[in-house]
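Enquirer: Have a look at the structure that comes next, please.
Each reported figure results from applying straightforward, stated rules to the coordinates on display, with no laboratory input. These figures come from a predicted structure and were not determined experimentally. Glycine also receives a Cβ, built like all others from the backbone with ideal geometry; neighbour counts cover every protein chain displayed.
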C-alpha cells in the first residue's frame with residue numbers, strides 16, 4: 001500500500017505532507033503521556049518490531065501470502081500516539097533507506113498507513129472494548145475488529161485522495177469498488193493476524209498491552225474456608241480469570257450488529273459522494289461495464305440485485321464467524337500453553 | 001553506530017565521491033526538490049523525463065554507483081508497475097488498438113505518468129541511500145529540524161532492526177527445524193504467536209536499553225556529536241541537480 005512518487009499530483013502531496021506533519025507533531029506531544037521519558041527506546045524498539053513483522057509473510061491461501069500493515073496492532077499494543085510515531089518512523093526509514101514509497105508521497109503514506117489505520121483501529125477497538133466485559137481477553141476481538149475496519153477505511157481515504165489529486169482518469173465508482181473489495185479481504189487477513197498476535201501477547205504479558213490497561217480483575221485471595229477476599233493493595237499478578245465465553249459471544253454479536261450499522265452507514269455515504277462526482281463527470285454509465293461491476297457486493301448490493309440490508313447481514317456473518325474463531329483461540333488453555341511452547345521451542 | 005560494522009545498511013555503498021562528501025541534509029533537500037519538480041512536470045512533456053533520467057545518470061556516474069546495482073534495487077517498484085500496466089486496460093475514455101488490445105488513451109498516459117515519475121523517484125532515493133550512511137542521514141534529518149524525539153526513535157529503530165529481524169529469523173528456523181511449514185491460514189496462528197513473542201521480547205529489550213541509557217547518564221536527550229559546518233559551496237553543489245531539473249521543467253512547459 002506504499003504510494004510511490006507521481007501517483008498524486010504535487011499540491012495533493014504537499015497537502016498530505018502538512019497533514020502528516022501536524023499529526024506526527026500531535027503524536028509526539030501525546031506520546032509522552034503513554035511512555036514518558038522512555039519514549040525513544042521503547043517506540044524505537046516497537047518500530048523495529050513493526051518493521052520486522054511487515055517482512056513476516058503470512059500464508060493467505062495456496063501459494064499466496066500477505067503481510068501485516070500493523071497500524072491497529074501497534075495501536076492496541078503500545079497506544080495510539082506511540083503507534084503513530086512508530087509507523088511514521090518505519091515509513092520514513094523505508095522511504096529514505098529502502099526507496100520503498102516515494103519521498104514526495106511520504107506525507108501521503110504517513111497520513112494513510114501511519115495515521116488513518118492507527119486512529120481508526122484504535123477508535124474502533126476502544127468502542128468494542130466499551131461493550132465487551134472488562135477482561136484482558138476482550139482486547140483480542142477488539143483489536144481484530146479494529147484491524148478489520150482500519151484497512152478498508154484507509155483504502156477509502158486513498159480513493160478520496162486519488163479523486164482529488166490522482167493523475168489518472170479512472171472512474172471513481174470502479175476504483176472505490178475494487179479498492180474496497182480488495183482491502184476488505186486484506187482487512188480480514190489483517191484482523192486474523194492482529195487478533196492472534198494480540199492474544200499471544202495477552203496470554204504472556206497482559207500488562208504490556210496498552211489497550212488492556214485497567215482491564216485486569218483485582219486479585220482475590222482464597223481463604224482456607226473457601227471465601228474470597230480482595231488481596232491487599234499490590235500489583236496484581238498476570239493471571240486472568242477465565243469464565244464462560246457466552247457473555248463474550250453475546251456481547252460480540254451485539255457489537256457486530258452495531259458495527260454493521262455503522263459500517264454500512266459509512267459504506268453507503270462515502271461512495272455516494274464519489275458516485276455523485278462520477279455522475280457529475282458523466283462516466284458513471286461506463287463504470288457499470290467495469291469488471292468489478294459484476295461482483296455481487298460491489299457498490300454495496302446495488303448491483304446484482306442484493307439489497308443493502310442483505311449485504312449488511314453478510315457483513316455481520318463474517319464478523320460473527322471471525323469473532324467465534326477468535327473466542328476459540330482466546331478461550332480455553334490452549335492459547336496460553338501453546339504460546340508458551342513456542343516461546344520454549346525458540347530458546 | 002553499534003560497533004565497527006553497524007554503519008552501513010542494506011543499500012549503502014561506501015565511497016569518496018563528491019556526492020558522498022556532500023552533507024546529508026543538503027542531499028535530502030536536493031532529492032526532495034528534484035522529485036517535487038519531477039512530480040510537478042506535465043505528463044505529456046515526454047522528453048523532459050528523458051532529461052531527468054540523464055541528470056540522474058550523471059549523478060550516478062559522479063557517485064560511482066554502478067547501473068546494475070540501481071537496476072537490481074529497483075525491484076521495490078514492482079507493485080506499482082503492475083498498477084501502471086493495468087491502467088490502460090481499466091481506464092475510461094477513447095480507446096485505441098495496440099497490438100490487438102483495446103487500450104484507453106487516457107490510461108496509457110496515466111500508466112506512463114506513474115511509471116516515469118515513480119521510477120525517477122525510486123532511482124533518486126536509491127542514489128541517496130547508496131551514497132549516505134545511516135548516521136549522517138539521521139544527523140541530516142536532525143539538521144533539517146525534524147523533531148529530536150522522532151530522530152531518536154528512528155535511530156533506535158535502525159539500530160535494533162537487525163537484532164529484532166534476527167530474533168524473528170531464529171524463531172522461523174526453530175519452527176522449520178521442527179517440521180513446521182506455514183501453508184494455509186490455519187497455520188497463521190503459530191506464526192502470529194511468534195509475532196506476539198517477538199513483540200514481548202522487543203518491548204522488554206527496549207526497557208533494558210532504557211535502563212542502560214539511564215545508567216550512562218541519559219537525561220532525556222541524546223548528546224549532539226556532529227559539529228560539521230555546511231558551507232555555501234555545499235549548498236550550491238547540492239542545488240545543481242534540482243536546479244538543472246527545474247530548468248528542464250520550465251523549458252518543457254514554455255516550449
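Enquirer: When you look at the Cβ of every residue in A:186-195, what mean number of other chain Cβ atoms sits within 10 Å?
Expert: Neighbouring Cβ atoms belonging to other protein chains average 2 per residue here.
Enquirer: Still on this model: Quick one: length gained pulling residue B:183 to residue B:58 fully straight, 0.36 nm per residue minus the C-alpha distance?
Expert: That pair, residue B:183 and residue B:58, stretches by 40.3 nm at full extension.
Enquirer: Also: For Cα pairs less than 8 Å apart in space and 6+ apart in sequence, what is the mean separation divided by the residue count of chain B, i.e. the relative contact order in percent?
Expert: It comes to 35 percent, rounded to a whole number.
Enquirer: If you don't mind, another one. Go through A:127-135, B:27-35 and give me the packing order, highest mean Cβ count within 10 Å leading.
Expert: So the order, starting with the most tightly packed, is B:27-35, A:127-135.
Enquirer: While we're looking at this one, here's another question. Taking each residue of B:124-134 in turn, how many C-beta atoms of other protein chains fall within 10 Å of its C-beta, and what is the average?
Expert: 3
Enquirer: Continuing with the same structure: Using just the helices of chain B, give the 222 nm mean residue ellipticity in deg cm²/dmol: DSSP H runs with n ≥ 4 each add -39,500 (n - 2.57), and the total is spread over all residues, rounded to 500.
Expert: Rounded to the nearest 500, the figure is -23500 deg cm²/dmol.
Enquirer: Counting other beta carbons within 10 Å of each residue's own, what order do A:30, B:117 fall into, fewest first?
Expert: A:30, B:117
Enquirer: Listed highest first by mean packing, meaning other Cβ atoms within 10 Å per residue, what order do B:229-235, B:149-155, A:19-25 come in?
Expert: Most protected by this proxy first, the peptides run B:149-155, A:19-25, B:229-235.
Enquirer: Sorting check: for A:72-78, B:45-51, which peptide has the highest mean count of neighbouring beta carbons within 10 Å, and how do the rest follow?
Expert: The peptides rank, most packed first, as A:72-78, B:45-51.
Enquirer: Next question. Starting with the fewest neighbours, write out B:203, B:52 ranked by other beta-carbon atoms found within 10 Å of each beta-carbon.
Expert: Final ranking by Cβ density, sparse to dense: B:203, B:52.
Enquirer: Next question. Evaluate peptide B:207-219: per residue, the Cβ atoms of other protein chains within 10 Å of its Cβ; return the mean as an integer.
Expert: 3
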